[in-house]
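Since the structure comes first, as structure tokens, the remarks are kept for the end.
None of the figures in this text is laboratory data; all of them are computed from the coordinates on show. If you're wondering where the values come from, they're calculated on a predicted model, not measured in any experiment. Positions of Cβ are generated from backbone atoms using ideal geometry, with glycine treated the same way; all protein chains shown enter the neighbour counts.
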Amino acid sequence: MNIPDKMSAVLLTGHGGLDKLAYRDDVAVPAPGPGEVLIAVAAAGVNNTDINTRIGWYSKAVTGDTEAGGAEGFAQVSDDDAGWSGTALAFPRIQGADVCGRIVAVGDGVDTARIGQRVMVQSMMRDESDPRPFRCITFGSERDGGFAQFATAPARATYAVECDWTDAELASIPCAYSTAEGMLHRANVGAERVLITGASGGVGSAAVQLAKRRGAHVTALCSPAKAAEVADIGADTVLDRDADLVAALGEDSIDLVVDLVAGPCWGQLLDVMRRGGRYVVSGAIAGPMVELDVRTLYLKDLTFFGSTFQEDAVFANLVGYIERGEIRPLVSQTYPLTEIQRAQEDFLAKKFTGKLVLIPPASEMRVP
């Protein structure tokens, strides 16, 4: 198979607004190194982390919500800590944590039988250069990702998937569903009462489905306009995201809070948690700064989990769920890769349920 020399891709040229996303059709096609595969990208999902990275939201200099800087960026960003890992990002960078595609070439040490496999890439992967616990890198951040016609990835983090899903459906899984499954795995969720914030988004809607497959009773928070769709994917109870939670649920009524929102209403989440309850967080789209009464934490014997690093079992579990037909993602809309700015504007507007997915131009490859 003859791989072209050049490809179309979106380059992130620095932290800032949508103007930092540059669509190019003269980017060199990457070559797979030892232990790597080359993937012809069929679809790539849009995620909060793509926008957070672009605008430098991870910088400690930023205290606002993601929407406040989503289109224009933040003036006070420090490039030194604006990557999700707290370090500087290298530019230009091809973002895109989600990838579905087919392997078209392999590097040294990888079985050529893998060529032709339809695959997903594990978006949060181990940092092979640093064996310390909880050390990881993100596809599309510490290495180039899926907003392109081709992408390389470690073979061990590239999973073959056998299913009848569309490419867009598969591309909606890696980042959002692994984040959600990682949270549930970390908190050891079972048949208990779970409250999920931001339940209409990519991670939130994934968490609803994944918590239900574990036997949980799910209360979901979202805007009223999306309540019916969230109920359709399995939520037992759907509440307005601005509801008085104590009035609606009662104190000490929730075993586990799965939080993706944080923001000014955060204190209510602790009020409805039972004594000995757990809280797991992997996002703060309404703002990272919250007010914590430490007395509530210790007097109620609560346990807090931050969730970023994922055990390898998390992604392997997702592949199993897909192949056994236990989950099905919500794809709200697809866009050509050329319209990445419009896709991110729509993402920030939050008028959809589920996932938005980008489709790169079809690759023109010749088979000898």
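A few notes on this one:
- Between 0 and 90°, nearest 10: helix 202-213 axis offset from the chain longest Cα axis: 70
- Sparse packing (at most 13 other Cβ atoms within 10 Å of the Cβ) combined with a DSSP loop state is found for the following GluC sites (Glu not before Pro) in segment 22-109: GLU72.
- Set of segment 262-282 residues, backbone N closer than 16 Å to the point 7 Å along the Cα-Cβ line of GLU67: 262-266
- About its Cα centre, the dipole of segment 3-84 is roughly 100 debye, where the only charges are +1 on Lys and Arg Cβ and -1 on Asp and Glu Cβ.
- For segment 78-85, backbone phi angles converted through the Karplus equation (6.51, -1.76, 1.60; θ = phi - 60°) give residue-by-residue couplings of 9, 4, 5, 10, 8, x, 4, 7 Hz, Gly and Pro being listed as x.
- If you take the alpha carbon atoms of segment 130-191 and fit the smallest convex hull around them, that volume is 140 Å³ per residue.
- Between helix 312-323 and the chain: long-axis angle, C-alpha atoms, 0 to 90°, nearest 10: 80
- For segment 146-151, 3J(HN,Hα) per residue [Karplus equation, 6.51 cos²θ - 1.76 cosθ + 1.60, θ = phi - 60°, Hz, x = Gly/Pro]: x, 7, 6, 6, 9, 8
- Radius ratio Rg over Rh of segment 178-306, counting only Cα atoms, Kirkwood formula for Rh: 0.92
- Here ILE3 and ARG324 are evaluated by their C-beta separation; at R0 = 51 Å the FRET efficiency comes out at 0.90.
- With the charge dipole of the chain set up from +1 on Lys and Arg Cβ and -1 on Asp and Glu Cβ about the Cα centre, the Cα lying farthest toward the positive end among the listed residues PRO32, ILE51, PHE147 is that of PRO32.
- Seen against the Cα atoms of the chain and their longest principal axis, helix 340-349 is set at about 0 degrees.
- GLU162 versus ARG295: modelled label distance in nm, points set 7 Å from Cα along the beta carbon direction: 6.0
- Which of GLY354, LEU170, ILE285, positive extreme of dipole for the chain (C-beta unit charges): LEU170
- Square roots of 5 times each gyration tensor eigenvalue, C-alpha, the chain, largest first, Å: 34, 22, 19
- Net charge over other residues, Cβ less than 14 angstrom from the Cβ of THR63 (K, R count +1; D, E count -1): -3
- Around the Cα centre of segment 220-368, unit charges on the Cβ atoms of Lys, Arg, Asp and Glu (plus for the first two, minus for the last two) sum to a dipole of about 300 debye.
- Gain in span if fully extended, ARG275 to PHE91, counting 0.36 nm per residue against the direct Cα distance: 61.6 nm
- Under-5 Å amide H pairs with HIS217, H placed in peptide plane, nonlocal only: GLU192, ARG193, VAL194
- Result for the chain in a Gaussian network model with C-alpha springs under 10 Å: among ASP271, ASP301, ASP312, the largest mean-square fluctuation is at ASP301.
- Computing FRET efficiency as 1/(1 + (r/R0)^6) for GLU128 and TYR23, where r is the C-beta to C-beta distance and R0 is 22 Å, gives about 0.10.
- Dipole magnitude of segment 178-306, debye to nearest 20 (Cβ charges: Lys/Arg +1, Asp/Glu -1, about Cα centre): 400
- Cα→Cβ-extended label distance, 7 Å offset, between ALA31 and ARG214, nm: 4.4
- In plain terms, if you count all Cα to Cα distances in segment 147-226 and split them into 5 Å steps from zero, the share in each step is 3, 13, 20, 21, 17, 13, 8, 4, 1 percent.
- Computed helical MRE - 222 nm, the chain, DSSP H runs ≥ 4 contributing -39500 (n - 2.57), nearest 500: -6500 deg cm²/dmol
- Considering only ALA262, CYS222, ALA180, the residue lying farthest towards the positive end of the dipole of segment 178-306 is ALA180, judged by Cα position with unit charges set on Cβ.
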